[in-house]
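See structure below.
Readers should treat all values here as calculations from the given coordinates under stated rules, not as data from a laboratory. What you see is a predicted model, and the numbers here were worked out from it, not measured in a lab. Cβ coordinates were reconstructed from backbone atoms using ideal geometry, including for glycine residues, and neighbour counts include every protein chain displayed.
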Amino acid sequence: MENFDNLNDIQKDVLREIGNIGGGNAATALSSILTGKVDMSLPELRIVGVNEISMLLGGPEKEVVGILVPMTDDVKGMLLFLLDKEFTHMLLSVLLDKTIDSFENINEMDMSALKEIGNILGGSYINAICGLTALDIKLLPPDIAIDMVGAILNYPAELFGAMGDKVLYIEENFFSGAESIKSHLLIMPELDSLNIMFKRLGVD
């Protein structure tokens, strides 16, 4: 496989299953963090052009929190979580008893808490991949930025270019009581790593 455009239906189903298991793990982790039950919808996996992602999130000028979690060892690449203000507000409200009405109110302590959330959510998806493939994957410390979607997507642009102009985009709805929040995740394994995953799963 040379890029994401070449994925067949079976390979797409495998990636959806990884997203489904990872999302279930993430919902369990969020339930623990938010001290209440968190349910989730079935994840929606799309293979989309880099330029489309901005529009899916409300346009290139929409401000979001971007948490970039590098992967290393058997699978190299990165996870990129994009959190909108509603998701960020809910997390900080529970974790730090803080109300935010603007990203400008977020301080260093808040950023550290959000990085830890990135680690926890990243681990949820990595555990799903490791459980299915028996590969050894480690996460490196995350980087975090608050900026416009378009600016954040420029950061991993070099990796995008190496894999073509398409990426794996997973969107999930998490429900906590009457509140619904969306999770936006880009999974960006290097192509060699993706081929290793598929070979382990017998769908290469």
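General remarks:
- Scaled against 2.2 N^0.38 Å for its residue count N, the alpha carbon radius of gyration of segment 4-199 is 0.97.
- Length added when fully stretched, Asp192-Asp13, from 0.36 nm per residue minus Cα-Cα: 62.5 nm
- Kirkwood hydrodynamic radius (C-alpha pairs) into Stokes-Einstein, segment 23-83, 10 °C and 1.306 mPa s, D in µm²/s: 112
- GNM flexibility winner over the chain from Thr88, Thr35, Thr133 (Cα, springs under 10 Å): Thr35
- Near-label residues of segment 188-204 by backbone N, under 12 Å of a point 7 Å along Cα→Cβ of Thr72: none
- Proximal charge balance of Leu121 [Cβ under 14 Å; K/R count +1, D/E count -1]: -1
- Lysine pairs within the chain, Cα separation less than 19 Å, 8 or more sequence positions apart or different chains: 14
- Rounded FRET efficiency, nearest 0.05, which uses the C-beta distance separating Lys62 from Arg200 and R0 of 41 Å: 0.65
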